[in-house]
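These notes are about the structure you will find just below.
Rule-based calculations on the coordinates, nothing more; no lab input. All values reported here derive from a predicted model rather than from experimental measurement. We place every Cβ from the backbone using ideal geometry, glycine too, and count neighbours over all the protein chains shown.
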Amino acid sequence: MKKAVGGSQSGDRAFPLPDLDHGMAEQDRQKGAAEPSEVWQTYQGASTGTEIECEGWRQEAALRVLNNNLDPEVAEKPEELIVYGGTGRAARSWDDYDVIVEELRELGDEETLLVQSGRAVGRFETHERAPRVLIANSNLVGKWDNWEQFHELEAKGLIMYGQMTAGSWAYIGTQGILQGTYETLAELARQEFQSDLTGRLVATGGLGGMGGAQPLAVTMNGGVCLAAEVDERRIDRRVEGGYCMEKATDFDEALSQAREAAQAGEPYSVGVKMNAADFLDALLDREIVPDVVTDQTSAHDELEGYYPSGYSVDEADELRERDPEKYREESLATMERHVDAILELQERGAVAFEYGNNIRGQVETAFDRADAFDFPGFVPAYIRPMFCRGKGPFRWLALSGNPADIHRTDEAIRELFPEKERLLRWLDLADEHIEFQGLPSRVCWLGYETDADGLTERTRFAVRINDLVAEGEIEAPIAVTRDHLDAGSVASPNRETEAMKDGSDAIADWPILNALLNTAAGADIVSVHDGGGVGIGNAIHTNNHVVLDGSDLAEAKARNVFTTDPGMGVIRHADAGYQDAIDAAKESDVAVPLRDQR
Ligand code: NAD
C-alpha cells in the first residue's frame, strides 16, 4: 500500500460517524453479523514492509496492530470481528472498522483519535508526545456494571465487549499467553512436585484463543495434557498450529494414550472432543485422578462463551438464538457440575486451580455457592510474587512482518540478560516451538529491576530495540505492548487481585491511575476496559503500546513508559503490604511516598 498523500489535518472531521444507513438491524450489525467489510477483505491481516500508508509510523503501527488482531491466522472468528475470549472484538461493527481505518490513515502527528467501545468517536489536536489513540471499551457505571445491562446496550449498538487485548489491538495469537501459561505451570510444578511436569497428567478444558496454549505449555514443561473441547474445529486449529499433538473423539482411547505417555515420562498432548464437565465426570467415574485439574473454557460468559452439556456446537448455537434464557440456565447448570467435579478431584488429591475464566464466580453468583471458591485462582497461587516485582507479560511485534526482526530482538535479550537462565530457556523453547501467527512477535516476562543506570529491565530492552531500528539492524519499527494481565494494570477480584493482603481486591483506582500514567508518560496507544477475562462488572484493566521507530522521541517515551508502567505493579503491591514489593521498591529506588515521608 502507498503512503496517503495530503491527509486531513485536525478539525477536518472531528467526530467521525459510521454510515449506518444500510437498512440492517443494529443488533446484527453490532455483532459483526454483516458481511465483512471490503477493506478488511483486502487487508486480511496487517500490511508489512517499510512503505506506510498513514501520516507517520505511530498511526501506521495502530493500523497494523488492528489489522493483525483481525488476521484470519490470528483471530478466532475474524469474519465476526471476534478476536478471542468468547466475544472479544476489535471493532464494534464492520462500518466502525472501516471508519477507524480511514481515521488512522488520516490521523496527524499531533492528533489523538478517541475510540469508544470499538467506534471512532472523536479526533482532537493534542501534541506530538501525546498518545495517537485513546481507547475505552465496555466500561459501565458501577450499579449498571453487569452482563444484563451490557447486553441491552450492545443490542442497541452502543457498546462492545473488548476482552483484554482484542479491543485494545494487542492480541498476538495464542503465543501471547503461552509464556504466562508455561510460567504458571512451571511454578505450580516447582511448588507442588518440586520438579517439572514430567510424568504428570494435566486435565483441562477449552482450546480457544488463550486456552489453546495449554497443551503446548504442559508439554514444554515435560508433562501430559488431556484437554476437552466441544468444538472440533478448535482442536484441529491447535493441532495444525503445533500447539496440540493429537485430536481424539474417543475419550477412553485419549485417556489410555495420555496415561501411557505419563507413565513413560513422555511429553504428550491430546484434545478430546467433548464437553468439559462431562469429561471431568468421566474421569471421576473411572476413578482416575489427574495430577492437576484446571479449565479455560469461556465460562466468564454463560451465554456466548460456555457450552452447555447435551448439545453439539451447532445445536447449542441454535438454542442460543431461539431461547437465550434456556441456554443460560443450561449453561450455568453445566458449570455447577463442572465446578463440583473440580472440587471432587481436588478432594481426591488433584492440584486444582482456576485459570482466570471466573467459573468459580459464575457458580457462586448463580447458585449461592460460596464453596465454589474452595479451589484457588492462579494469580495468588503462582503469579503474584512476580507482580510484586513489576514483572509481567511484555510483548512486541515486528511491523515489517519480517521474522528476522524478531530473531534480532531475541539476540538482543540474550546479550542484555545473559544471567537470566529462566528467561533464556523460555527463548530457546519459543524459538523451537512457536510458529508465528500474523505479524512476527514475541512475549517475555520482564519487570522493574533496575541496573546501575537506574534503567528497568523493560526500559533497557526497549531502548536497545530502538537503537537497533535506528541502526538499520531491524527493518522497520517494533510495536511494544503487553497483556492487560500485568503487575499494576488490573483490578479483578476473582483473578489478578484475588485475596490481596489488605483486602483491596475491588479497588479500581489502581488501573485507572495506570492508564492516566501511561498517557502522561507518552504511550502511543492507551486503553481502559471493563470485564476482560472474567466478564462484565468483574474487572477494570488497561494497556499501552509504544512504537519504537528509532527516533529520540521514541526513546524518551520508552524510558518513561517502561519505568512508570511496571513501577505501578511495585507500588500497588507495596501499598497492599507485600514484602517482596516493598523490597523491590527499596532495591530499585521506587518512590513510595508514605514510606519515604516516614
Ligand atoms: P475462546 O472463546 O477463544 O475459547 C473458549 C473455548 O472453550 C472454545 O473453543 C469453546 O468451544 C470451548 N468451550 C466452551 N464451553 C465448553 C465446554 N463446556 N466444554 C468444552 N469446551 C468448551 O476463549 P479463550 O481466549 O481461549 O479464553 C478462555 C477463557 O480464559 C476465557 O474465559 C477467558 O476470559 C479466560 N482467559 C484467561 C487468561 C489467562 O491468563 N489464564 C487470559 C485471558 C483469558
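For a test of the definition: using alpha carbon positions, the gyration tensor, and the 1.5 limit on a/c, classify the range 86-166 as rounded, prolate or oblate. Verdict is prolate for the range 86-166.
The modelled label-to-label distance for the pair Ala591/Asp109, using points 7 Å beyond Cα in the direction of Cβ, is 3.1 nm. Length gained on full extension, Glu152 to Thr198: 11.7 nm, using 0.36 nm per residue less the C-alpha separation. At an R0 of 51 angstrom, the distance between the Cβ atoms of Ala452 and Phe367 translates into a FRET efficiency of 0.35. What does the C-alpha gyration tensor say about the overall shape of the range 375-430? Classify as rounded when a/c is under 1.5, otherwise prolate if a/b is larger than b/c, or oblate. Verdict is prolate for the range 375-430.
Considering only DSSP beta bridges where both residues belong to the chain, give the percentage that are antiparallel (nearest 5). Just about 55 percent of them are antiparallel.
Take the convex hull of the alpha carbons in the range 264-368; its mean projected area over all directions comes to 7.3 nm². Secondary-structure-derived ellipticity at 222 nm for the chain, considering helices only, amounts to -12500 deg cm²/dmol, per-run term -39500 (n - 2.57) for DSSP H runs with n ≥ 4.
With contacts taken as Cα pairs under 8 Å at a separation of at least 6 residues, the chain carries a relative contact order of 14 percent. Mean silhouette area of the range 224-322, derived from the convex hull of its C-alpha atoms and averaged over all directions, reads 6.6 nm². Shape class for the range 492-582: oblate, because the ratio a/c of the largest to smallest gyration tensor axis (alpha-carbon atoms, square roots of eigenvalues) is 1.5 or more and b/c is at least a/b.
Once the Cα-Cα distance is subtracted from the 0.36 nm per residue extended length, the Ser256 to Lys143 segment shows a gain of 35.7 nm. Structure note, pairs Lys77/Lys420; Lys557/Lys586; Lys391/Lys501; Lys273/Lys326; Lys77/Lys143: Cα-Cα distances above 26 angstrom occur for Lys77/Lys420; Lys77/Lys143.
When both the range 31-82 and the range 177-200 are represented by their alpha-carbon centers, they are found 35 Å apart. Counting 0.36 nm for each residue step from Glu435 to Arg422 and taking away their Cα separation leaves a gain of 2.6 nm.
Could you give the C-alpha radius of gyration of the chain expressed as a fraction of 2.2 N^0.38 Å, taking N as the number of residues it contains?
Against the empirical 2.2 N^0.38 Å value, I get 0.92 for the chain.
Can you compute the FRET efficiency between Glu473 and Glu128 using 1/(1 + (r/R0)^6), with r the Cβ-Cβ distance and R0 = 35 Å? Round to the nearest 0.05. Once the sixth-power term is evaluated, E becomes 0.85. Here the simple spin-label model places points 7 Å from the Cα toward Cβ, and for Ala520 and Arg337 these points are separated by 5.3 nm.
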